[in-house]
Amino acid sequence: MSSCITAIGTANPKYRISQNDIYHFMVEAFELDKNNASRLKLIYDNSGIDYRYSVLPDFGKEYNDGLLFRNSENDNSFPGTAKRMEQYQQEAAGLAVSAAKNCLDNLATDIHSKITHLITVSCTGMYAPGIDINIVELLGLDHSIERTCINFMGCYGALNALKTADYICRAQEDAKVLIVCIELCTLHFQKENTLDNWVANSLFSDGAAAALVENSKGRTGAGNMLQLDTFYSEFIPAARNEMGWNIGDNGFEMRLTSKVSKLIFKHIPSIAEKLLEKSGLTADQIDCYAIHPGGRKILEAAETALKFSTESNKFGYEVLRDFGNMSSATILFVLEKILKENNSESGKNVLGFAFGPGLTVESMILKKITNA
């Protein structure tokens with residue numbers, strides 16, 4: 001018995017801001033001199049990102065005022081965690097439901113009544129009663145639906161959700177699991193003038209993604225699917241201080257050092273080898289890659305270490321370019337492109353990775369089945 005991803009839907013907030021405009025905002029916010037502005041420009045020019053999205057208008061040059069960081073009535077104070085969480089509570093559910101509707105809209109009209117489980121994933125906000133209940137009510141799902149919340153795992157959270165959904169569907173043949181990842185990373189802009197903050201503020205973006213996971217034999221509808229094959233997870237204790245995510249007085253504070261891509265380069269080959277051994281496949285049998293686009297250097301480190309081409313990981317670069325790093329939602333944006341690509345043969349093996357605090361490496365192998 002196997003499970004599969006039947007459909008994926010994504011959504012972004014209305015404010016689409018160019019990376020260049022965000023750069024100018026950061027120069028102003030950090031009050032950088034000419035030398036440091038030039039240093040920051042190099043980071044932005046080499047990010048591989050053209051556009052990012054935010055629930056806030058604050059970062060765009062065309063907006064004279066903002067909600068949190070450019071509020072003319074509050075220029076001398078920086079928003080605390082409570083204020084940022086108020087914004088999360090106002091914005092997150094609506095964006096999450098947009099992604100879920102985009103996921104479910106092309107399926108059977110009665111699909112909402114058939115969903116048995118809901119898994120929500122977020123590391124950028126929490127409240128209770130939570131976003132899971134909001135999603136149930138806004139989508140009109142059954143109030144008895146089984147709900148699981150995966151919080152604060154960072155960029156690899158979606159893979160844990162896929163694993164959990166896989167376990168459920170293998171154990172319960174009629175289960176239909178809706179996964180919803182919602183991340184509002186831009187709420188956590190940090191003004192402290194450090195290199196870590198420069199890097200984090202150059203990467204993160206807002207977005208939501210939803211996926212329907214069900215038993216392959218009893219799946220809803222027809223068309224392409226991604227069969228969930230193998231998962232493998234490992235964390236690297238020696239690298240635990242290189243990436244972190246802490247709740248501070250002024251939002252959630254990201255720690256992201258320049259060593260992360262080097263550590264991925266060093267450790268990913270052995271983890272990939274263990275994943276392949278578990279799956280019974282060899283590296284030559286992998287047809288394409290779904291690497292979490294945490295940044296351009298992370299994509300390049302994975303390519304170099306595993307010796308695969310940029311072309312076989314093209315969707316990671318496309319998502320990074322057009323959306324930036326949306327934490328847990330990002331890998332589902334990549335998988336959506338793989339799922340919907342129609343010019344590929346059935347049976348292609350997809351190897352995926354996502355990374356987060358720990359330093360944790362989550363990996364998976366999916367099999368794409370076309371016109372199923």
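The values are calculated or read from the model by the stated rules, or taken from the named source; none is laboratory data. Computed from a predicted model, the values in this text were never measured in an experiment. Counting neighbours? That spans all protein chains shown, and the Cβs are built from the backbone with ideal geometry, glycine included.
Miscellaneous remarks
- When W245 is tested against (1) in contact (Cβ under 8 Å) with a residue 60 or more places away in the chain; (2) part of a loop (DSSP other than H, G, I, E, B), just one condition goes unmet, and that condition is (2).
- Residue selected from the stretch 269-325 under the condition part of a loop (DSSP other than H, G, I, E, B) and touching a Gly at 6+ places or on another chain (Cβ under 8 Å), by the criterion farthest from G48 (Cα to Cα): H292
- Residues satisfying the stated conditions in the stretch 101-143, i.e. more than 24 Å from the chain's Cα centre (by Cα), polar (S, T, N, Q) and closer than 13 Å to L212 by Cβ: none
- Residue check, V199 under 21 Å from the mean Cα position of the chain (by Cα), of a type in the set (A, V, I, L, M) and at pLDDT 95 or above: no
- Here L141 meets each of (1) crowded, with 19+ Cβ neighbours inside 10 Å; (2) within 27 Å of A354 (Cα to Cα) with one exception, condition (2).
- Given (1) assigned to a loop (DSSP other than H, G, I, E, B); (2) without any contact (Cβ under 8 Å) to a residue 60 or more places away in the chain, number of the condition I49 does not satisfy: (2)
- Considering (1) under 28 Å from L275 (Cα atoms); (2) of a type in the set (K, R); (3) more than 18 Å from the chain's Cα centre (by Cα), the lone condition that K163 does not fulfil carries the number (3).
- In the stretch 22-46, the residues that are crowded, with 16+ Cβ neighbours inside 10 Å and acidic (D, E): none
- Single residue of K314, K278, K274, K307 found to be within 27 Å of A200 (Cα to Cα), free of Cβ contacts under 8 Å to residues at least 60 places away in the same chain and of a type in the set (D, E, K, R): K314
- Taken over the stretch 207-241, the residue count meeting the criterion of being among the basic types (K, R), under 23 Å from the mean Cα position of the chain (by Cα) and either under 15 Å from L366 (Cβ atoms) or part of a strand (DSSP E or B) (or both) is 0.
- Members of the stretch 100-111 found to be surrounded by fewer than 18 Cβ atoms within 10 Å (Cβ to Cβ) and touching a residue at least 12 places away in the same chain (Cβ under 8 Å), listed by number: K101, D105, N106, A108
- Among the residues making up the stretch 214-246, a single one is surrounded by fewer than 18 Cβ atoms within 10 Å (Cβ to Cβ), aliphatic (A, V, I, L, M) and under 25 Å from I179 (Cα atoms): A222.
- Boolean, N106 is polar (S, T, N, Q) and in contact with a helix residue (DSSP H, G or I) (Cβ under 6 Å, 6 or more places away or on another chain): no
- If you go through the stretch 1-46 and keep only what is in a loop (DSSP other than H, G, I, E, B) and among the hydrophobic types (A, V, I, L, M, F, W, C), you end up with M1, L32.
Yes/no matrix, rows are residues, columns are (1) charged (D, E, K, R); (2) buried (at least 16 other Cβ atoms within 10 Å of the Cβ); (3) within 20 Å of S279 (Cα to Cα):
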residue	(1), (2), (3)
I331	no, yes, no
K340	yes, no, no
N349	no, yes, yes
G352	no, yes, yes
G356	no, yes, no
L359	no, yes, no
E362	yes, yes, yes
L366	no, yes, yes
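- Check on G251, touching a helix residue (DSSP H, G or I) at 6+ places or on another chain (Cβ under 8 Å), among the small types (G, A, S), at pLDDT below 95 and more than 25 Å from K307 (Cβ to Cβ): yes
- Restricting A222, A272, A239 to residues that are under 26 Å from I369 (Cβ atoms), of a type in the set (A, V, I, L, M) and modelled with pLDDT under 95 narrows the list to A222.
- Of the helices (runs of 4 or more DSSP H) lying entirely inside the stretch 93-204, none contains at least 2 residues that are outside the structural domain of Y15 (by TED's automatic domain parsing) and not basic (K, R).
- E318 vs. criteria surrounded by fewer than 21 Cβ atoms within 10 Å (Cβ to Cβ) and more than 17 Å from the chain's Cα centre (by Cα): no
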